[in-house]
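The values are calculated or read from the model by the stated rules, or taken from the named source; none is laboratory data. This structure is a prediction, so every number in the text was calculated from the model and none was measured. Here the Cβ positions follow ideal geometry from the backbone for every residue, glycine too, while neighbour counts run over all protein chains shown.
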There are 2 protein chains.
Amino acid sequence: MAGTKRLTQRDIAKLAGVSQATVSLVLNGAPTALARIPQETRERVQHVIRTTGYVADPIARRMAKGLNRILGVFTYEPAFPSEQADFFTPFLLGIEEEAQAQNYDLLLLTGAGVGRERKIFADGNRLRIADGCLVLGREFDRAELRRLVLGDYPFVAIGRREDAGGPVPYVGGDYANGTRALVEKARALGHEKLAYVGPSGSAESIVDRWRGFSEVIAEGAELVLHVNEVGRPAGEALDAIVASGATAVFFVELADAVRVEAAARARGLSVPEDFSAIVLGSHVRAERSHMQFTAFDIPREEMGRQATAMLVRRIEGAAPIEQILLTCEPVEGQTLANKRT
Amino acid sequence: MAGTKRLTQRDIAKLAGVSQATVSLVLNGAPTALARIPQETRERVQHVIRTTGYVADPIARRMAKGLNRILGVFTYEPAFPSEQADFFTPFLLGIEEEAQAQNYDLLLLTGAGVGRERKIFADGNRLRIADGCLVLGREFDRAELRRLVLGDYPFVAIGRREDAGGPVPYVGGDYANGTRALVEKARALGHEKLAYVGPSGSAESIVDRWRGFSEVIAEGAELVLHVNEVGRPAGEALDAIVASGATAVFFVELADAVRVEAAARARGLSVPEDFSAIVLGSHVRAERSHMQFTAFDIPREEMGRQATAMLVRRIEGAAPIEQILLTCEPVEGQTLANKRT
DNA sequence: ATTAGCTGCTAATACGCATTAGCAGTCAAG
DNA sequence: CTTGACTGCTAATGCGTATTAGCAGCTAAT
């Protein structure tokens, strides 16, 4: 309620019979400065601080010093929508863990207002409260990214990003090689006629998967079908797959794989007996679908951790720009088998 | 990289040929003050602001004004550990939603350092960077809560809290009535010999469930068994239940219910044929267990939303202390049936 | 002609802290 | 006895903004 007004260093100083400056020095003076304050005085000040429960106002601190041990987290989509929770949660887990380890707090930037599209440089630009920020989301705004790159505000993207007026510091998953490894594995099992089901677009995650895939095609495998998206009744896509003679089908989206597999089963076909199905990525609640798809793992937690560590490096040491791609290990699953002979 | 140093109002002022104060007034002066600045000057200033892309430093703003549109979120346990993610996520969802609607950002307080127990008033006390805070967690520290109540820092607890040196503002779930409703429903189905499986303790959530339960007992139902916890092999608990002659068993923890049900099945008994099982609460991934337990719903998202709204009220209007209990609706489930005759 | 009131601004200050320059006192060396 | 070094502190300043008091110039009313 009413209570005492917020304590300041001046109050402490008065109580301890010293000056405000001394209080500040006791709290966080450089060793050289501290050396000049005798034990006895320090203890007196500390004692007052302890008994009053004083804590420095972080805002004023930041004002004076420029840093405040806060990391901003900007998500281009709300971080906790029911549907997306599973997408962001693992990243946040890793981020929180590392932030805590480094003794930083997290500022979740909620974006401006309701309904409106989220923008980093919205009018308030709250970003600067934090010492630096992590940016994540499926869809990046290129113009904003460019502005970030050109500015001097420390940030790290989660997920690989193409240059935008300069190299973008990021920690991403190595989708290209993750994909490549799975496709090669399929070839090793005898699959030569391959189908690819997934959107085309300029998003890096899409491009990378396709690059990994097409590299193997260039080495001799045969792309017999490329479907952009699976329609509502998955029947058409399935028809196309069957007609193409593909023996292994690669899906960018788990949902597509699920639908096609269901359609196949409904038609008396089975995976992987009749064709193999591989998902290019991992999904948190994949276990909910009754089938364990062969896929590659996206190390989301680790991405969060490393991105956070990188950001701290950039804030504290003005480290050079780094770009890290983490290996996406294959996930065995049950949907990739030998080609039927 | 290098780039321009951060712009300040002084820079804008210089460019527009006015004083810093004028810039500030143009940006957010009271209508009465604004009225005294002619259109022409305002436009000149606005123009410079727009072309330079200036944005006010939120930190300095807060320094001067005392508010920063940030809500702190303190969790007594890490918010995103794999095991707990499901506990906190729904709350955070609601919180984020309402925060965004009210145009506040969220500061997730990670607690100090690794391993150490989390404390609100840890030495850094970063809390005050936010205008107010939400406190959540299973286990509250009474001393800290007391200190919060006695202080003048706005906060709202999620989950009902007993007075601690004064009433605690909170938004909680009405576990007492949620429990009561389920117990009465069981009685209506003929169950008179009831068992209660759950910890005893002073935590409000535990107390409330027990209160709701014991109210019905006081009205004539019979408590034939009270188990504090289910041991590793759930057999003993099951033995006790069978021996007690209970026809309906109430569990505080879903995990206990799952184990007992499994043990029962292993022994040829089945739920709800041989005895009914009711869970006093809801669990996010309850759907993962193959059995849908009869339970009550904890409206976690709504709790998050309302707590956030309440906090904003307290920050902006110094509203009086409110205590809200949200109704916990029963969840039908498959584990409560007529008493076997 | 004096006053009152308005317009269009600016100077000055506060916010709470960190930091630097430097003051007054003591003590040892030269 | 002077100088220099060291001790134990403090005064003063800056960080970028919001806000208040008030100044100078003008007009209209008395």
Q) Which of the residues belonging to the stretch A:231-258 are over 23 Å from A:Ala203 (Cβ atoms) and in a helix (DSSP H, G or I)? A) A:Gly235, A:Glu236, A:Leu238, A:Asp239, A:Ala240, A:Ile241, A:Val242, A:Ala243, A:Ser244
Q. Applying the selection to the stretch B:132-165, what residues are charged (D, E, K, R), farther than 23 Å from B:Pro90 by Cα and part of a loop (DSSP other than H, G, I, E, B)?
A. B:Asp152, B:Glu162, B:Asp163
Q.
Conditions first: (1) within 12 Å of chain B (Cβ to nearest Cβ); (2) in contact with a helix residue (DSSP H, G or I) (Cβ under 6 Å, 6 or more places away or on another chain); (3) within 7 Å of DNA strand C (Cβ to nearest atom); (4) not small (Gly, Ala, Ser). A:Ile59 passes all but one, so which condition is the exception?
A. (3)
Q | Residues of the stretch A:166-193 classified as part of a loop (DSSP other than H, G, I, E, B) and more than 22 Å from A:Arg313 (Cβ to Cβ), total | A | 4
Q | Residue match in the stretch B:1-12 (condition: within 12 Å of DNA strand D (Cβ to nearest atom), within 14 Å of chain A (Cβ to nearest Cβ) and of a type in the set (Lys, Arg)) | A | yes
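In the stretch B:62-73, what residues are within 9 Å of DNA strand C (Cβ to nearest atom) and more than 8 Å from every other protein chain (Cβ to nearest Cβ)?
Matches in the stretch B:62-73: B:Ala64, B:Lys65, B:Gly66.
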Q: Taking A:Arg36 as the residue in question, decide whether it is surrounded by fewer than 14 Cβ atoms within 10 Å (Cβ to Cβ) and outside any helix (DSSP H, G or I).
A: yes
Q) Can you pull out the residues in the stretch B:173-188 that are under 23 Å from B:Leu92 (Cα atoms) and either buried (at least 24 other Cβ atoms within 10 Å of the Cβ) or in contact with an Asp or Glu (Cβ under 7 Å, 6 or more places away or on another chain) (or both)? A) B:Gly173, B:Tyr175, B:Gly178
Q. Taking interchain pairs and intrachain pairs at least six residues apart, which have beta carbon atoms under 6 angstrom, with the first residue in the stretch B:40-55 and closer than 12 Å to B:Val23 by Cα and the second assigned to a loop (DSSP other than H, G, I, E, B) and not basic (Lys, Arg)?
A. B:Tyr54/B:Leu7; B:Val55/A:Asn125
Q.
Looking at the stretch B:37-47 only, could you name the residues that are more than 7 Å from DNA strand C (Cβ to nearest atom) and either under 30 Å from B:Tyr153 (Cα atoms) or among the β-branched types (Val, Ile, Thr) (or both)?
A. B:Val45
Q: State which residue is farthest from the other protein chains (Cβ to nearest Cβ) when the search covers only the stretch B:13-56 and only residues that are of a type in the set (Ser, Thr, Tyr) and away from DNA strand D (no atom under 11 Å from the Cβ).
A: B:Thr41
Q: Name the single residue, out of those in the stretch A:300-332 being in contact with a helix residue (DSSP H, G or I) (Cβ under 9 Å, 6 or more places away or on another chain) and assigned to a loop (DSSP other than H, G, I, E, B), that is surrounded by the most Cβ atoms within 10 Å (Cβ to Cβ).
A: A:Cys328
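I'd like the full set of residues that are of a type in the set (A, V, I, L, M, F, W, C) and in a loop (DSSP other than H, G, I, E, B), limited to the stretch A:290-299.
Selection gives A:Met291, A:Phe293, A:Ile298.
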**Q.** Positions within the stretch B:13-36 being modelled with pLDDT under 90 and either near DNA strand C (Cβ under 6 Å from one of its atoms) or touching an Asp or Glu at 6+ places or on another chain (Cβ under 7 Å) (or both), in sequence order
**A.** B:Arg36
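One residue is enough: does the stretch B:48-55 have a residue meeting the conditions over 20 Å from A:Arg147 (Cβ atoms) and either among the aliphatic types (A, V, I, L, M) or within 13 Å of DNA strand C (Cβ to nearest atom) (or both)?
no
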Q: Evaluate the stretch A:301-324: report whether one residue or more is touching a Lys or Arg at 6+ places or on another chain (Cβ under 6 Å) and within 30 Å of A:Pro169 (Cβ to Cβ).
A: yes
